[in-house]
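Submitted below is the structure of interest, expressed as structure tokens.
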Amino acid sequence: MNYFILAQDERISNAVEPVGIAQVIKKELLTLDRMEELEELERQFSVLEKNEMLYIDFIEKPIALFSDALKQLVEKYEPRTPFKAVVLMDMPKSMQTLYWLVIPPKVPCLSSQTEFHLDGTVKKLVIDEEKATPYTFFQIEGIKENYIVVNIELAESILRRDLRGIRLQKIQTEGRWNDILSVGN
């Protein structure tokens, strides 16, 4: 099976940018075990003022935020995925936009073929198909990066919709499907 990293399209220079979110929602809270602690936090954030602002469907940094349309699509594939509402406020325009903080499951699917830089970041990412197969939407356990991964079915579904600001980067895999597909190469 093919898997893809869900990424923000950096070519969109006027994408909405939340301000101060990383100071309130710390990365260590973004686990299924600590998700309830997010309830007690203020989850309304202003946005960086720009002349023209595009409210894209996936904000990657400083933390992953999904538009309502992307959230609804993911829920069709993974109905038990936990989401928390986050409101982005454009004060000068008196506008509020709903986004969703998501905490995908962490899956131990790293292949032994994965290579790392000296600082521990991924140099060459390879995942084990067999370990990833039960999951449509997940994060990879055992790496520093917080990549959100989708399988080919969800990736195709994302591409069929009019979602903005999303890029999909193919991940190299190890396993039966990779072996079958690489026979012709």
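What percentage of the solvent-accessible surface of the stretch 4-66, computed with a 1.4 Å probe over protein heavy atoms, is contributed by carbon and sulfur atoms?
Of the solvent-accessible surface of the stretch 4-66, carbon and sulfur hold 47 percent.
Leaving ligands, DNA and RNA out of it, work out the accessible area of Lys76 with a 1.4 Å probe and give it in Å² to the nearest 10.
Rounded to the nearest 10, the figure is 150 Å².
Further, regarding this structure: Going by alpha carbons, how many degrees (0 to 90, nearest 10) lie between the helix axis of 68-77 and the longest principal axis of the chain?
30
Normalise the Cα radius of gyration of the stretch 29-78 by 2.2 N^0.38 Å (N = residues in it) and let me know the number.
Computed over Cα atoms of the stretch 29-78, the ratio equals 1.39.
Now for a different question. Please arrange Met1, Met35, Met53 by accessible surface area, largest first, computed with a 1.4 Å probe and ligands excluded.
Met1, Met53, Met35
To continue, here is another question. I'd like the accessible area for Glu28, computed on protein heavy atoms only with a 1.4 Å probe and all protein chains in place. Round to 10 Å², please.
Rounded to the nearest 10, that gives 110 Å².
Per-residue ellipticity at 222 nm for the chain, helices alone: DSSP H runs ≥ 4 residues times -39500 (n - 2.57), over residue total, nearest 500 deg cm²/dmol?
So the calculated ellipticity at 222 nm is -4500 deg cm²/dmol.
Please compute the net charge surrounding Lys93, taking Lys and Arg as +1 and Asp and Glu as -1 over other residues with Cβ under 14 Å from its Cβ.
Result for the neighbourhood of Lys93: -2.
Quick one: ranking Asp128, Asp162 by accessible area, 1.4 Å probe, largest first, what do you get?
Asp162, Asp128
Here's something else I'd like to know. Which of the following values of percent of Cα pairs over 22 Å apart was calculated from the structure shown: (1) 60; (2) 42; (3) 49?
Read-out from the structure maps to (3).
Here is a further query. With a bin width of 5 angstrom, please list the P(r) values of the stretch 96-139 as percents of all Cα-Cα pairs, from the 0 bin to the one holding the largest distance.
6, 17, 21, 18, 15, 11, 6, 5, 1, 0
Can you give the accessible area of Arg164, probe radius 1.4 Å, in Å² rounded to 10?
Spelled out: Arg164, probe radius 1.4 Å, area about 110 Å².
Straight-line reach from Lys61: which lysines have Cα under 26 Å away, leaving out those fewer than 8 places along the same chain?
Result set, ordered by chain and number: Lys26, Lys27, Lys50, Lys71, Lys76, Lys84, Lys93, Lys106, Lys123, Lys124, Lys144, Lys170.
Okay, next question. Send over the semi-axes of the stretch 56-148's equivalent ellipsoid, whole angstrom and largest first, taken as the square roots of 5 times the C-alpha gyration tensor eigenvalues.
One finds semi-axes of 30, 17, 8 Å for the stretch 56-148.
The values are calculated or read from the model by the stated rules, or taken from the named source; none is laboratory data. Because the structure is a prediction, the values reported are computed rather than measured. Cβ atoms come from the backbone with ideal geometry, glycine included; neighbour counts cover every protein chain shown. All accessible areas refer to the heavy atoms of the entire protein, side chains included, with ligands and DNA or RNA removed. Shrake-Rupley method; radii C 1.70, N 1.55, O 1.52, S 1.80 Å.
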